[in-house]
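**Q** Please find one structure pasted underneath; my questions will follow.
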Amino acid sequence: MKVAVLGAGFAGLGAAMRLSENHEVTIIERLPSLGGVVASVDYDGAKIPWGSHWILSTDTSLVDLIKELGLENKLRWKNIRMGFFYEQRIYGIASPLELLSFSPLPFFARIRFGLFGLLVLLSKGRLAKSLEGKSAGKWLMETAGKDVCDNLFEPLARIKFNQSLDEISASWLYNRLVDTAKGGEKYGFLEGGFETLIKAIKERIEKNGGKIILDSEVRKIGISGGKASSVTFVHGDGEKTIETDAVVSALPIPVLLKTAELPVEYREQLSRVKYKYIINAFFVLDKKLVSGFDWVNYCYDGLPFGGTLEHEMSVYKNSDSGSLLYVFTYLNEKDSLWEKSKEEIKNIYQTELEKLFPGIVKIIRHAFVEKSNLAWPIYDKDYGSYMPWNKTPVKGLYLAGIFTTYPKMPSTGVAAESGYEASRLIGGEIK
Ligand SMILES: Cc1cc2nc3c(=O)[nH]c(=O)nc-3n(C[C@H](O)[C@H](O)[C@H](O)COP(=O)(O)OP(=O)(O)OC[C@H]3O[C@@H](n4cnc5c(N)ncnc54)[C@H](O)[C@@H]3O)c2cc1C
């Protein structure tokens, strides 16, 4: 059977890898490289993801995939220390002692926060169902209290999602906290970064006879007689159409809506899926910037970015002793920063970083800025009621993507799993 997989993020790659075992697969990707949100850019012989990516220790699907492709010997685990920047000081809250000295919270709120952490850890994900349809604001106010909400979770929600807690799903935030509590500070890297894994997936797909077409924007999924039967894409100057027996769309939902004529009711359901706007920059530095912490959340207003994440450059380039500093901002389309050019954003970030870390400008070797308005679906409290599933009402058309995996914490492994699921459904339909 001929199957077209549209989009080569981890969902598309997962689907293509499984489908290529039994079918004639063609992947069509708009960008010149694979990986989607994890796609890399070249710097001095190294491949660096445009957005910071670690392997989450709770992402068992990803770890299984790494093992399946024989890359386990390239996997390294590291303790990543997260800090919170309040009033010119960085606080850790990983240990009970650190928590007790976390002065931005009143003393009794620190105790309550500690008990809340314990509840999350011991509940092991069992509360997710009961929180469905509830806002994170309501849940946290009831369980962690007002001081913890106002001084910790509300600023974090602004930094991480540019949303208030009332706009966020409690079930999803709870799952995220469970994963964070379970994983602790343990995060993984592959030698050479995610590019090492993407290369191995590509080789596996090609070994199975799959075809990969890059630099090609999908324009139309042809549906005739109620069945997905062709895909039209632009490659170079020309438009090309391929006939197909099934299509897996691993495209962001707004792109799918532009490319396929879907039944009205289904279209209305999909139109409810909205995405966050993200600006991500990385700075290659001569040496590590923030001592004692790898990930810092900046808990105050007026800063153009919400956090910084630091990786060792040696992950991406063996002999390099430098540091890779990611800076990120989650925002809305109406935010004035979104309108600025990448060069202007780079200068704004640099100026603010220099105020926080005097002297940083002198150790910056290279800077790169990227913007995306389709990288992160927004999970509001009702998302569970309109979440798209892998199967669609159109025969032969399946979906894969992180938007099908709520309330799990979005990750590369979870995205790949949604691709496996689309592949399983296609296999089942044939039987
Ligand atoms: C900033 C950031 C940091 C993250 N950090 C981590 C982390 O540390 N660890 C972790 O495991 N996960 C992390 N995640 C989550 C994880 O990366 C994503 O959830 C996952 O990669 C999404 O995969 P996807 O295939 O669903 O979507 P995408 O990666 O968005 O894939 C969609 C693909 O469709 C392509 N496309 C779009 N339009 C067209 C078109 N018209 N024609 C053809 N192709 C098209 C895109 O180019 C893209 O390749 C992070 C996410 C973000 C945004």
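The values are calculated or read from the model by the stated rules, or taken from the named source; none is laboratory data. Values in this document were obtained by computation on a predicted structure and should not be read as measured data. Here the Cβ positions follow ideal geometry from the backbone for every residue, glycine too, while neighbour counts run over all protein chains shown.
**Q** Being buried (at least 19 other Cβ atoms within 10 Å of the Cβ) and within 19 Å of M1 (Cβ to Cβ): is that true of V247 here?
**A** Working: buried (at least 19 other Cβ atoms within 10 Å of the Cβ): yes; within 19 Å of M1 (Cβ to Cβ): yes.
Considered against the rule, which asks whether it is buried (at least 19 other Cβ atoms within 10 Å of the Cβ) and within 19 Å of M1 (Cβ to Cβ), V247 comes out as yes.
**Q** Continuing with this model, one more query. Could you go through the stretch 200-208 and let me know if any residue there is outside the structural domain of L19 (by TED's automatic domain parsing), surrounded by fewer than 20 Cβ atoms within 10 Å (Cβ to Cβ) and touching a strand residue (DSSP E or B) at 6+ places or on another chain (Cβ under 8 Å). First the steps, then the outcome.
**A** Step one: of the stretch 200-208, the residues outside the structural domain of L19 (by TED's automatic domain parsing) are none.
Taking every residue of the stretch 200-208 in turn, none turns out to be outside the structural domain of L19 (by TED's automatic domain parsing), surrounded by fewer than 20 Cβ atoms within 10 Å (Cβ to Cβ) and touching a strand residue (DSSP E or B) at 6+ places or on another chain (Cβ under 8 Å).
**Q** Let me ask something else about it. Can you go through K395, K362, K391, K355 and tell me which one is more than 21 Å from K160 (Cα to Cα), modelled with pLDDT under 95 and more than 19 Å from the chain's Cα centre (by Cα)?
**A** On the way: K395 fails: modelled with pLDDT under 95; K362 fails: modelled with pLDDT under 95; K391 fails: modelled with pLDDT under 95.
Just one listed residue meets the conditions, K355.
**Q** Go through the stretch 319-343 and report how many residues are surrounded by fewer than 11 Cβ atoms within 10 Å (Cβ to Cβ) and under 19 Å from L356 (Cβ atoms).
**A** Qualifying residue count, the stretch 319-343: 0.
**Q** Residues that are buried (at least 21 other Cβ atoms within 10 Å of the Cβ), hydrophobic (A, V, I, L, M, F, W, C) and not assigned by TED's automatic domain parsing to the domain that holds L131: find the helices (runs of 4 or more DSSP H) completely inside the stretch 344-431 holding 2 or more of those. Give the steps one after another, and end with the answer.
**A** Working: elements: 360-363, 383-386, 412-430.
Qualifying helices (runs of 4 or more DSSP H): 412-430.
**Q** Please find, within the stretch 294-318, the residue that is surrounded by the most Cβ atoms within 10 Å (Cβ to Cβ) out of those that are closer than 25 Å to Y86 by Cα and aliphatic (A, V, I, L, M).
**A** Once the filter is applied, the top-ranked residue is L309.
**Q** If E265 satisfies all but one of (1) loosely packed, with under 14 Cβ neighbours inside 10 Å; (2) more than 23 Å from the chain's Cα centre (by Cα); (3) within 11 Å of the ligand (Cβ to nearest atom), what's the number of the condition it fails?
**A** (3)
**Q** Just give me the residues in the stretch 323-343 being among the polar types (S, T, N, Q), in contact with a Leu (Cβ under 7 Å, 6 or more places away or on another chain) and either touching a residue at least 40 places away in the same chain (Cβ under 8 Å) or part of a loop (DSSP other than H, G, I, E, B) (or both), in sequence order. Spell out how you get there, then give the answer.
**A** Within the stretch 323-343, the first condition is being among the polar types (S, T, N, Q), and the residues that meet it are 323, 329, 332, 336, 341.
This time we only want the ones that are in contact with a Leu (Cβ under 7 Å, 6 or more places away or on another chain), so: 323, 329.
Passing the criteria: only T329.
**Q** In the stretch 250-262, what count of residues is obtained for those that are assigned to a loop (DSSP other than H, G, I, E, B) and either crowded, with 20+ Cβ neighbours inside 10 Å or not charged (D, E, K, R) (or both)? It would help to see each step written out before you state the result.
**A** First, pick out the residues of the stretch 250-262 that are assigned to a loop (DSSP other than H, G, I, E, B): 250-252, 260-262.
Subsequent filtering for residues that are either crowded, with 20+ Cβ neighbours inside 10 Å or not charged (D, E, K, R) (or both) retains 250-252, 260, 262.
The number of residues fulfilling the criteria is 5.
**Q** Follow-up. I'd like the full set of residues that are over 16 Å from Y349 (Cβ atoms) and in contact with a strand residue (DSSP E or B) (Cβ under 6 Å, 6 or more places away or on another chain), limited to the stretch 298-320.
**A** Passing the criteria: C299, H311, M313, V315, Y316, K317.
**Q** Hey, could you check the stretch 180-192 for residues that are in contact with a helix residue (DSSP H, G or I) (Cβ under 6 Å, 6 or more places away or on another chain) and within 17 Å of L71 (Cβ to Cβ) and say which is surrounded by the fewest Cβ atoms within 10 Å (Cβ to Cβ)? Steps first, answer last, please.
**A** Filtering the stretch 180-192 down to residues in contact with a helix residue (DSSP H, G or I) (Cβ under 6 Å, 6 or more places away or on another chain) leaves 181, 189-191.
With within 17 Å of L71 (Cβ to Cβ) added as a condition, the list becomes 189-191.
Numbers: F189: 22, L190: 19, E191: 14.
Result: E191.
**Q** How about the stretch 284-305: which of its residues are outside any strand (DSSP E or B), closer than 23 Å to D44 by Cα and of a type in the set (A, V, I, L, M, F, W, C)?
**A** L289, the sole residue that qualifies.
**Q** Do the conditions hold for S291, that is, is it farther than 21 Å from N347 by Cβ and surrounded by fewer than 18 Cβ atoms within 10 Å (Cβ to Cβ)?
**A** On the way: farther than 21 Å from N347 by Cβ: yes; surrounded by fewer than 18 Cβ atoms within 10 Å (Cβ to Cβ): yes.
Taking the combined requirement at face value, the residue satisfies it.
**Q** Restricting the stretch 113-150 to residues that are of a type in the set (S, T, N, Q) and more than 25 Å from W376 (Cβ to Cβ), which is modelled with the lowest pLDDT?
**A** Residues of the stretch 113-150 of a type in the set (S, T, N, Q): 123, 130, 135, 143.
After this cut, where a residue has to be more than 25 Å from W376 (Cβ to Cβ) as well, the list is 123, 130, 143.
On the way: S123: 90, S130: 93, T143: 94.
So the residue we want is S123.
**Q** Here is a further query. Tally the residues that are outside any loop (DSSP other than H, G, I, E, B) and either within 16 Å of the ligand (Cβ to nearest atom) or outside the structural domain of G7 (by TED's automatic domain parsing) (or both), restricting the search to the stretch 209-234.
**A** Residues of the stretch 209-234 outside any loop (DSSP other than H, G, I, E, B): 211-213, 216-224, 227-234.
Filter once more, keeping what is either within 16 Å of the ligand (Cβ to nearest atom) or outside the structural domain of G7 (by TED's automatic domain parsing) (or both): 211-213, 216-222, 228, 230-234.
Matching residues across the stretch 209-234 total 16.
**Q** What do you reckon, is G45 over 20 Å from M409 (Cα atoms), touching a Pro at 6+ places or on another chain (Cβ under 8 Å) and more than 11 Å from the ligand (Cβ to nearest atom)? First the steps, then the outcome.
**A** Working: over 20 Å from M409 (Cα atoms): yes; touching a Pro at 6+ places or on another chain (Cβ under 8 Å): no; more than 11 Å from the ligand (Cβ to nearest atom): yes.
Spelling it out, it is not the case that G45 is over 20 Å from M409 (Cα atoms), touching a Pro at 6+ places or on another chain (Cβ under 8 Å) and more than 11 Å from the ligand (Cβ to nearest atom).
**Q** Those residues that are surrounded by fewer than 18 Cβ atoms within 10 Å (Cβ to Cβ), acidic (D, E) and in contact with a helix residue (DSSP H, G or I) (Cβ under 7 Å, 6 or more places away or on another chain), I need them from the stretch 46-75; list them, please.
**A** E72
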